[in-house]
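Scroll down for the structure; my scribbles are underneath it.
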Amino acid sequence: MNSFSTLFSIERPNVLLLILPVLPVALYTFVRFKRMEKSLVDFVSSSSPAFLRSRRSLFLRTLFRILAWISGVLACAGLSWGTRQVPVQKSGCAVSFVFDISYSMNAMDVDGGRMSRLDAVKLYCSHLLSRMEGVSVSAVISKGDGFLAVPLTQDFSSIDSLVDSLSPSLMTSAGSSLGKGIDCAVSSFPQNSAQSSMIFVFTDGDETDDLMLHSLQRAARFQIPVTLVGFGSEDGAEVLSGDGITPVRTFLMANKMRNMAGDVNRNARKLFSKSDFVRYVSAASRGSALSLLEQLDSSSESFSYEIRSVSRHDFLILLSIVFFVLSFVVGELDASALRKRFGKLSSLLPLSCLLLFVSCSSERMQILKGALDHHNGKMRSATVDFVSVLNDPENAVHRDYALFGLASTYISLEEYDAALEKLDMIVPEKSEDEYKDKSLASAVFYNKGVIFVKKGDFPKALSFFKQAVLASGDNLDARINIELCEQRISMSKKRAGETEMRGVSESSSPEVDPKTAALFNLIREREQNQWKKMDSKTEEKNVLDY
């Protein structure tokens with residue numbers, strides 16, 4: 001989750017007001033006991049075992065009944081915490097249109113130079129909307145920022161009005177940030193909606209902040225398909241920049257958008273069974289609008305997984321009953337008699353009760369489950385477990401271990417670049433010259449060394465193995481790998497020293513004619529002399545390179 005408040009949810013918060021009477025009830029019980037104590041002081045000593053036992057009995061009985069009441073109120077309020085993936089059937093479609101209105105969209109390179117890219121978007125969307133009856137549509141305009149111009153609606157009149165007025169002057173922010181427009185579109189969909197969400201981006205792919213790839217990955221994590229509809233020509237066209245004076249040349253970034261779609265889909269394939277979350281379609285290609293409409297038809301009735309909080313109603317009700325029963329049992333127990341009868345075993349009673357109601361956090365259980373899935377070869381399940389923990393970035397300890405587990409899974413899948421990216425996100429904390437978590441820091445450096453061994457970069461792998469040993473001297477595997485890397489590097493240097501360039505005249509091959517060999521050697525000598533002369537002239541000039 002993104003914040004602490006999203007870890008817990010309360011369905012009926014007004015019910016929590018029933019906890020307020022707890023304070024006056026506890027105060028009334030205390031005052032009543034004091035009055036009883038004053039009235040009995042003439043008959044029973046306040047230090048007698050019977051009096052102390054009655055005081056302890058009253059305190060424990062009151063405490064457990066208060067806890068029982070609070071647990072019951074929380075159950076009625078609908079308290080939930082933790083998350084799980086739930087399969088949900090989607091009915092209908094909700095589409096967010098993201099319009100790129102940067103100045104590059106004014107380029108006249110559509111339909112043989114007779115139409116600008118933005119005018120082509122207007123015409124394209126007007127025909128598209130006429131075929132989208134029964135679909136909820138929102139509109140986002142994107143320039144240097146993203147802005148939700150029209151929320152989800154089935155009344156297309158407001159969408160049509162916005163499409164007709166599309167212009168770079170609608171937003172004052174400079175630049176082109178398609179990523180912020182996609183993020184705004186993702187946020188425009190309501191949570192746990194019964195409709196299948198989808199995003200259409202009408203753009204030339206020309207951006208100034210390079211945030212689109214990150215935003216596409218975020219949309220894929222939410223399982224929201226994105227279709228990039230390209231407008232313009234890959235040959236490019238000149239257009240005036242925002243100052244109205246400077247001419248710049250802009251191009252349709254078709255290859256860039258195709259590569260982004262491929263990267264996002266490859267990463268999504270590791271998490272979900274569906275892998276085509278991002279597509280690129282050229283608006284000039286035949287049947288492009290029809291392919292968009294077919295996506296709407298295929299998503300009208302579908303299943304998807306949503307992350308939902310786990311209701312704890314049954315657990316809280318059980319807890320309330322247990323506390324209520326304990327209010328009778330514990331209040332009547334004689335601790336001194338139990339201590340005499342069972343000795344030290346009686347002291348373990350409070351601890352056993354504590355362990356009964358204390359359990360591991362959901363994040364730790366998810367990391368443990370992911371580790372077990374990874375050990376059993378269930379890489380997709382392990383990836384889902386680790387990614388679910390990353391939804392809580394404020395918990396640094398759990399986040400680092402989840403990132404490490406995810407990187408280990410990627411290494412097993414031979415996705416070394418993705419694994420290295422996750423390991424780079426783990427920054428081990430130091431206390432002076434030592435790491436706070438030595439084992440984690442050493443494991444991170446060790447896995448980086450393993451990745452570079454797989455890539456064949458032994459010097460870099462050697463440096464990481466040395467860092468692993470410096471982080472934790474107990475890492476025996478890192479010490480062994482240091483020796484192996486040093487042997488491999490020395491062998492490579494030895495082979496390189498044994499290999500030397502030889503002239504044609506030195507070759508003993510009988511197939512080479514002696515005259516030809518002499519000619520080649522003469523050419524080689526002249527080239528060496530020429531390069532020596534050029535080097536000496538360059539040193540004499542002593543000027544900066546252009």
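The values are calculated or read from the model by the stated rules, or taken from the named source; none is laboratory data. Computed from a prediction, not measured in an experiment: that's the story for all the values here. Neighbour counts are summed over all protein chains in view; Cβ atoms, including those assigned to glycine, are modelled from backbone coordinates with ideal geometry. To get the accessible areas, we keep the full protein, side chains included, count just its heavy atoms, and leave off ligands, DNA and RNA. Shrake-Rupley method; radii C 1.70, N 1.55, O 1.52, S 1.80 Å.
Whole-Hz ³J(HN,Hα) for each residue in the stretch 198-203, computed from phi via Karplus 6.51 cos²θ - 1.76 cosθ + 1.60 with θ = phi - 60°, x for glycine and proline: what do you get?
7, 10, 10, 10, 9, 7
Using mean Cβ contacts within 10 Å as the protection proxy, how do 477-485, 63-71 order, highest first? Spell out each step's value before the answer.
On the way: 477-485: 16.9, 63-71: 18.7.
Output ranking for 477-485, 63-71: 63-71, 477-485.
Put a dot 7 Å past each Cα toward the Cβ at Glu421 and Gln487; how far apart are the dots in nm?
Inter-label distance under the simple model: 3.6 nm.
Counting only protein heavy atoms and using a 1.4 Å probe, what share of the accessible area of the stretch 98-191 belongs to carbon plus sulfur, as a whole percent? Don't jump to the answer; show the numbers that get you there.
Numbers: 2030 of 4010 Å².
Exposed carbon and sulfur together represent 51 percent of the surface.
For the stretch 133-225, state what percent of all Cα-Cα pairs lands in each successive 5 Å bin, counting from 0 Å until the bin that includes the largest distance.
3, 13, 23, 25, 19, 12, 5, 0
Per 0.36 nm of contour for each residue apart, how much would the distance between Ser9 and Phe315 grow if the chain were fully extended, relative to their Cα-Cα spacing? All intermediate terms of the calculation are to be shown ahead of the outcome.
Numbers: separation 306, 0.36 × 306 = 110.16 nm, distance 1.54 nm.
Result for the pair: 108.6 nm of gain on full extension.
Just to be sure I understand the model, the point goes 7 Å from the Cα along the line to the Cβ. What's the resulting Gln191 to Ser130 distance in nm?
Modelled inter-label distance: 4.1 nm.
Grab the beta carbon distance between Asp160 and Met115, set R0 = 25 Å, and tell me the FRET efficiency rounded to 0.05.
Once rounded, the FRET efficiency stands at 0.85.
For Leu23 and Arg266, FRET efficiency with R0 = 51 Å and r from the beta-carbon atoms, rounded to 0.05? Walk me through the numbers on the way to the answer.
On the way: r = 58 Å, r/R0 = 1.13.
Efficiency computed from Cβ-Cβ geometry: 0.30.
Whose amide H sits under 5 Å from the amide H of Lys378, counting only residues 5 or more places off or on another chain, with H placed in the peptide plane?
Result for Lys378 returns nothing.
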